[in-house]
Amino acid sequence: MKLKLLTQGLLGLALTGAFSAQAGTVNVDSAAYHYQLGKQAYEARKYNVAWAEYEKASKYDPANVQYYLDIATVCQEQLYKPAPAVEALEKAYSIRPNDVAITQRLMDYYILFGQSQKVLEMGPKILKANPQAKGINFAMGQAYYKQQNYGQALTLMSKAIKEDPQNAEAHYLSGRMLINMANYPQAVKFYETALQLDTTKPVRAYEFAMLLATANDYKRSIQWFEKTLQMGYQPNDEFYKNMAYTYADAKMNDKGIKMLQDLLEKRPMDVALLDGIADACYKAGRYRDAITYWDRIFDMDNKNARALYRIGLAYIKTGKNEEGKFYCDKAIAMDPSLEVLRHKMQ
């Protein structure tokens, strides 16, 4: 056994010294010894070694919950091994089924690792044994959310919010579900509360800006686009494109068009961007500019009947009715479905 210890190098020497200082004599075939080896290995970032030593400790003392909790931590946070992490927490839960922290953590792992059905199987049993157990309704709500059963999920989220009104995640997920059901006014309320409770999520602020734009609340949407940037969100072209379209919808056309034009310099062949700028110019009464952008689209794709039709409309707006009618008729000949747009125009 002494020879084996020597082969562990400096780690073994350090541990031997530590044990001598604490108690003088330590049984190297003990749970405490292997647990200390595990802690030392974890601190040294030797995570596989830490896991192995924690496992050995649990074999010597299978009733010690802390060993299983540390196995779960190293497997989930450092080694990204879901199966042993969940298994360790299940053992901890079997020892302490009434421990709220362990129960909630196990439920979180089930959700995290795509085992939502286990939450739905365990949740009712836990609540039956302990009706005051916290976090179970929220966990089951998350499980139903993952399964896209929004009716059950919203009911349970409502209970979770009553248990803990400060649960920002419950408000947020409720809002997400309502968006998926196109219930935008109710979704807005949940997002507002979620963002009040947790101000550290710029991605959610961006989602809220988009939600407000979808709900036709353009001025507030722009405010939240700006807040998103203030919160440290790293924007991409899509972000600025959405913000620019919202400026246009809010009748702040010049700002929106300028933002889109800046993007176009980086993406000169972007048909959707060209169409967006043309549409914004058209709404702003800048018909000649709109024609220029739709012309660029038609030059790239001479089968784009919609662009040609919009060119015709823009010409009509400038007073060139015959020329405009010519382009509209030509577009409809290319794509008869555009006749619907003519009726709308009339």
Practice task
Just name the residue that is surrounded by the fewest Cβ atoms within 10 Å (Cβ to Cβ) out of those in the stretch 44-91 that are more than 17 Å from ARG105 (Cβ to Cβ) and among the aromatic types (Phe, Trp, Tyr).
Solution key: TYR60
Practice task
List every residue pair whose Cβ atoms sit under 6 Å apart, with the two residues 6 or more apart in sequence or on different chains, where the first one lies in the stretch 106-123 and is within 12 Å of GLN142 (Cβ to Cβ) and the second, anywhere, is crowded, with 17+ Cβ neighbours inside 10 Å and among the small types (Gly, Ala, Ser).
Solution key: MET107/ALA139; SER116/ALA143; VAL119/ALA139; VAL119/ALA143; LEU120/ALA143
Fill in the blank from the handout: Checking ALA205, ALA244, ALA209 in turn, the sole residue that is part of a helix (DSSP H, G or I), farther than 30 Å from LEU120 by Cα and within 14 Å of the chain's Cα centre (by Cα) turns out to be ALA205
Exercise for the section: Report yes if some residue within the stretch 283-295 is part of a helix (DSSP H, G or I), modelled with pLDDT under 95 and buried (at least 21 other Cβ atoms within 10 Å of the Cβ); otherwise report no. Expected result: no
Practice task
Being assigned to a helix (DSSP H, G or I) and either touching a Cys at 6+ places or on another chain (Cβ under 8 Å) or surrounded by fewer than 21 Cβ atoms within 10 Å (Cβ to Cβ) (or both) is the filter here, so list the residues in the stretch 309-323 that pass it.
Solution key: TYR309, GLY312, LEU313, ILE316, LYS317, ASN321, GLU322, GLU323
Exercise for the section: Would you mind listing the helices (runs of 4 or more DSSP H) fully within the stretch 21-98 where at least 1 residues are touching a Pro at 6+ places or on another chain (Cβ under 9 Å) and closer than 30 Å to MET122 by Cα? Expected result: 47-60, 65-73, 82-95
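The values are calculated or read from the model by the stated rules, or taken from the named source; none is laboratory data. What you see is a predicted model, and the numbers here were worked out from it, not measured in a lab. Virtual Cβ from ideal backbone geometry, glycine too; neighbours counted across all protein chains shown.
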